[in-house]
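What follows is a set of notes on a single structure, which appears directly below.
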Amino acid sequence: MSQRVCFTLRINPELVDEYEQRHAEVWPEMLTALSESGWTNYSLFMASDGELIGYLECENFAMSIELMGRTEVNTRWQTSVAKFFVELDGRAPDDAMRPLKEVFHLD
């Protein structure tokens, strides 16, 4: 059974347009790494104030995060996008994800 994961992060509101453009051009090797690490049905949604909501499905979220953390491309990507985020407190964006508790699902 797949695990559904929804998480939040916050983008600097002044950088929302640039963040959106960056995601219009995600590196092909990053997309491959996400797939190989078990991320499927992955979407990001962003409000104009910088609130970012992510959704993905995977077999094991902790394992998928760990597998991504082992890839060189993820290290480069996290470094390149870190400037967009607020409230990281020195963490990489992947480490700052705040997963939400699922309280309802209609299949």
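Of all residues in the range 16-41, those satisfying the criterion of being open to solvent by less than 40 Å² (accessible area, probe 1.4 Å) and not aromatic (Phe, Trp, Tyr) are 16, 26, 30, 33, 34, 37, 38. Pairing each residue of the range 85-107 that is open to solvent by less than 90 Å² (accessible area, probe 1.4 Å) with any residue that is part of a loop (DSSP other than H, G, I, E, B), provided the two are 6+ apart or on different chains, yields C-beta distances under 6 Å for 86/12; 96/88. Criterion first (modelled with pLDDT under 95, of a type in the set (Asp, Glu), assigned to a helix (DSSP H, G or I) and closer than 25 Å to residue 3 by Cα) does residue 107 satisfy it? Criteria not met by residue 107. With the requirement that a residue be of a type in the set (A, V, I, L, M, F, W, C) and over 26 Å from residue 14 (Cα atoms), what does the range 32-55 give you? The answer is 33, 34, 39. When you look at residue 12, is it open to solvent by less than 80 Å² (accessible area, probe 1.4 Å) and either more than 11 Å from the chain's Cα centre (by Cα) or of a type in the set (D, E, K, R) (or both), yes or no? Answer is yes for this residue.
The values are calculated or read from the model by the stated rules, or taken from the named source; none is laboratory data. Note that the coordinates shown come from a computational prediction; the quantities given were computed from them, not determined experimentally. Note that we place each Cβ from the backbone using ideal geometry, even for glycine, and neighbour counts take in every protein chain shown. With ligands, DNA and RNA removed, areas are computed over all heavy atoms of the protein, side chains included. Shrake-Rupley method; radii C 1.70, N 1.55, O 1.52, S 1.80 Å.
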